[in-house]
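Everything on this sheet refers to the single structure shown next.
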Amino acid sequence: MKTRFFSRFSLPLLAASTLLASCNKNDSAPEPGSLAIEIDHLVGNTPLKLNTGTYTNGLGQPFTVSTFNYYLSNIKLGKADGTEYAEPESYRLIKESDTSTKTFTLENVPAGDYTSLSFTIGVDSARNVAGAQTGALDPTNGMFWSWNSGYIYTKLEGSSPAAGGNQQLLFHIGGFKSPNNTIRIASPSLNGAVLQVRKDRTPAVHLAADVQKMFTGPHVIDFSKLSNTMGGSNSVLVADNQAVGMFRVDHVHAN
Amino acid sequence: MPRRWITTVRPALLGLVGLLAAACTTDADVAPAWEVPGTGTPANFPAPVYAASQNPPTREAFELGRTLFYDPLLSRTGDISCGSCHQQFVAFAHQDHRLSHGVDNLLGTRNAPALQNLRWRSEFLWDGGAKNLETMPLAPLTSPVEMDETLENVLRKLNAAPRYVDQFEQVYGRRPIDSQQLLRALAQFTASLTSSNSRYDHYARHEAGGTLAANELRGLEILRQKCSPCHAGELFTDETYRNNGLDRTFAADSGRAHITGRPQDVGRFQVPSLRNVALTAPYMHDGRLQTLRQVLDHYSDGMVESGTLDAQFRRAGRGPGITLSETEKTDLLAFLHTLTDPTFIQDQRLAEGR
């Protein structure tokens with residue numbers, strides 16, 4: 001009925017109906033808005049500085065970091081009533097070496113009051129075995145294993161005198177098959193904040209990702225025993241740590 | 001009209017026509033209706049894993065994939081192509097090579113397997129490490145003992161070649177060439193490698209020319225009885241990983257365990273298809289056996305014990321193996337030769353560009 005009406009009449013009428021619609025709340029959903037996310041990389045309380053910063057793990061073993069990349073995927077925003085918005089095609093590769101990746105915006109988020117945030121650290125299993133991908137999932141990003149195909153979810157490289165041999169730290173966390181599945185979902189608390197997404201309002205969530213939490217938590221990582229993992233059971237230890245405490249919401253701007 | 005003719009003509013003739021035609025004209029001139037091979041599902045095959053709809057075949061994309069497959073530019077040294085170790089006349093295996101030969105004459109650690117019926121496979125390589133037809137080429141491409149190249153550098157080289165930039169743009173409608181275009185173009189070719197016209201296939205589909213002799217039929221019966229469930233079904237593999245008693249320890253190559261990290265997978269390798277097996281010598285993951293006769297002798301009397309030896313090979317009161325009489329071996333060998341597909345190895349559409 002409505003479409004018929006629209007197609008028969010001309011622009012002035014259309015304009016009039018738009019005006020009318022804005023008064024009638026039940027007529028259509030409110031226009032979507034967006035949500036900004038900004039991530040700071042820390043080691044403990046210190047901002048991460050590639051190559052030059054020296055830090056210590058939970059056992060007091062000093063280390064430096066040369067690479068810190070990870071996938072942040074499948075972002076979901078939850079409302080108090082339990083309903084959820086899942087961002088489509090939600091795959092981002094965050095790199096300490098590329099500041100632009102640490103700030104991004106979710107567009108076209110349905111207007112609403114969101115009280116929770118969750119995301120995957122890594123890439124869901126379906127995309128691990130899907131065909132050739134582009135964008136964040138492009139294998140040229142250096143986050144894809146070719147010999148055992150699948151994504152490296154987190155790549156942390158650096159060095160530590162505590163590590164044996166060449167003192168290298170090589171933590172390539174990935175794998176999606178049981179028992180060495182390292183896909184983890186993080187749901188850092190918004191600490192009571194409500195993200196009011198509106199057409200003209202873009203709240204901003206400031207996340208803190210703490211590198212040190214890869215090595216502390218349920219499994220204390222001793223660099224003299226574990227300094228090199230590329231998937232497998234040792235990667236699971238690190239993934240478990242990441243799930244527990246790597247991400248926290250530092251603060252929220254209502255904007 | 002020409003399309004009809006081409007699809008019904010006998011395989012040997014097709015090859016001959018292709019060769020004759022090649023002398024003076026291009027593909028397009030000879031056979032305007034020339035179709036991308038391997039797009040359908042043969043009547044005796046199961047549904048494919050990589051359906052044609054996932055990467056709809058077009059002649060332009062297929063030809064681009066074929067060009068890439070045969071182009072040594074994909075290797076670091078510029079002298080090894082996919083086709084170097086995967087030769088059409090032996091069903092895209094590597095004739096007479098125990099192990100793959102890579103750049104700088106480096107030897108790989110495994111035998112280059114036949115490339116056929118890849119549409120029906122969900123895991124690739126002897127250890128199943130590659131899990132999608134499109135991303136599979138990344139393994140040989142980046143292996144230091146095979147093509148030893150990086151994906152980034154291959155793209156740099158392709159993007160520096162105007163011919164490729166044009167061809168890719170024609171197919172994908174944009175430039176520059178990216179990794180997805182490269183991998184999907186390659187998959188257009190690798191997915192087309194359907195081998196389904198052996199004499200056995202004609203027999204299975206009750207087609208003309210599908211007559212098996214008495215000894216071949218006996219061989220088929222023995223195979224279904226004694227070589228199943230591993231070499232099961234119309235693809236003659238169940239795609240599982242099994243230890244077939246080649247060694248007592250697997251220090252040099254742990255096989256499937258390399259991927260899973262599980263001790264129970266040490267020494268297990270993916271069961272290969274038996275299609276075109278008479279062409280694909282040498283055999284086993286490391287190419288240690290030269291002839292099919294040696295393979296059968298291994299299964300009957302040559303196996304050795306190890307912790308992960310497949311239970312299929314346990315025999316009461318004697319060492320592991322498959323009990324095969326001399327006559328059974330002869331019959332089996334006769335049957336295995338009926339799995340050779342001359343159409344496939346002579347199909348000019350799959351051959352290196354002229």
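Segment A:33-253: percent of C-alpha pairs farther apart than 30 Å? More than 30 Å apart: 23 percent of the Cα pairs in segment A:33-253.
Subtracting the Cα-Cα distance of A:SER224 and A:ASP200 from their residue separation scaled by 0.36 nm leaves 3.4 nm. Measuring nothing but how far apart in sequence close Cα pairs (under 8 Å, 6+ apart) lie, relative to its length, chain B scores a relative contact order of 21 percent.
Evaluated at q = 0.13 Å⁻¹, a Debye calculation over the C-alpha positions of chain B (equal weights, vacuum) places log10 I(q)/I(0) at -1.08.
Residues whose amide H falls under 5 Å from that of B:ALA93, counting only those 5 or more places apart or on a different chain, are B:GLN87, B:LEU115, with hydrogens built in the peptide plane.
Averaged over every viewing direction, what's the projected area of the C-alpha convex hull for segment B:114-204? Give it in nm², one decimal, please. Before the final figure, lay out each step's value.
Values: hull surface 30.4 nm².
About 7.6 nm², averaged over all directions.
In the protein assembly as shown, the calculated helix contribution to ellipticity at 222 nm averages -7000 deg cm²/dmol per residue, counting -39,500 (n - 2.57) for every DSSP H run with n ≥ 4. FRET efficiency for the B:GLN312 to B:THR41 pair, using the beta carbon distance and R₀ = 25 Å, is estimated at 0.30.
What are the trypsin sites (Lys or Arg not before Pro) within segment B:99-179 that DSSP puts in a loop, where the Cβ has at most 13 other Cβ atoms within 10 Å?
Here the trypsin sites (Lys or Arg not before Pro) that fit, given the DSSP loop and packing criteria, are B:ARG174.
Of A:GLU87, B:GLU207, how do they rank once you tally other Cβ atoms within 10 Å and put the fewest first?
Numbers: A:GLU87 18, B:GLU207 13.
Sorted ascending by nearby Cβ count, the order is B:GLU207, A:GLU87.
For chain B, the longest principal axis of the Cα atoms and the long axis of helix B:179-190 meet at an angle of about 60 degrees.
Could you line up B:ARG256, A:ARG201 from fewest to most neighbouring Cβ atoms inside 10 Å?
Neighbour counts put them in this order, fewest first: A:ARG201, B:ARG256.
Under the combined filter of DSSP loop state and at most 15 neighbouring Cβ atoms within 10 Å, segment B:98-197 retains none of its GluC sites (Glu not before Pro). The label-point distance for A:ARG248 and B:ASN153, in a model that sets each label 7 Å from Cα toward Cβ, rounds to 4.5 nm. The magnitude of the dipole of the protein assembly as shown, with charges of +1 and -1 set on the Cβ of Lys/Arg and Asp/Glu and taken from the Cα centre, is near 840 debye.
Considering only B:ALA47, B:SER300, A:ALA163, and ranking their Cα positions along the charge dipole of the protein assembly as shown that arises from unit charges at the beta-carbon of Lys, Arg, Asp and Glu, the one farthest toward the positive end is B:ALA47. Using Cα atoms only, what is the angle between the long axis of helix A:233-245 and the major principal axis of chain A, expressed in degrees (0 to 90) to the nearest 10? The answer is roughly 50 degrees. Within 10 Å of the Cβ of each residue in A:129-141, the mean number of Cβ atoms contributed by other protein chains is 6. Here the simple spin-label model places points 7 Å from the Cα toward Cβ, and for B:GLN170 and B:GLU305 these points are separated by 6.3 nm. Principal-axis analysis of the Cα atoms of chain B puts helix B:59-69 at an angle of about 60° to the longest axis.
Residue farthest toward the positive end of the dipole of chain B, with Cβ of Lys/Arg at +1 and Asp/Glu at -1: which of B:GLN312, B:LEU106, B:ALA91? Selected residue: B:GLN312. Put in order of Cβ neighbour count within 10 Å, fewest first, the listed residues B:ILE177, B:ILE322 become B:ILE322, B:ILE177. Above 39 Å lies some portion of the pair distances; for the protein assembly as shown, what is it as a whole percent of all C-alpha pairs? So the pairs more than 39 Å apart make up 44 percent of the total in the protein assembly as shown.
Each reported figure results from applying straightforward, stated rules to the coordinates on display, with no laboratory input. Bear in mind the structure is a predicted one, so any value in this text is a computation, not a measurement. Positions of Cβ are generated from backbone atoms using ideal geometry, with glycine treated the same way; all protein chains shown enter the neighbour counts.
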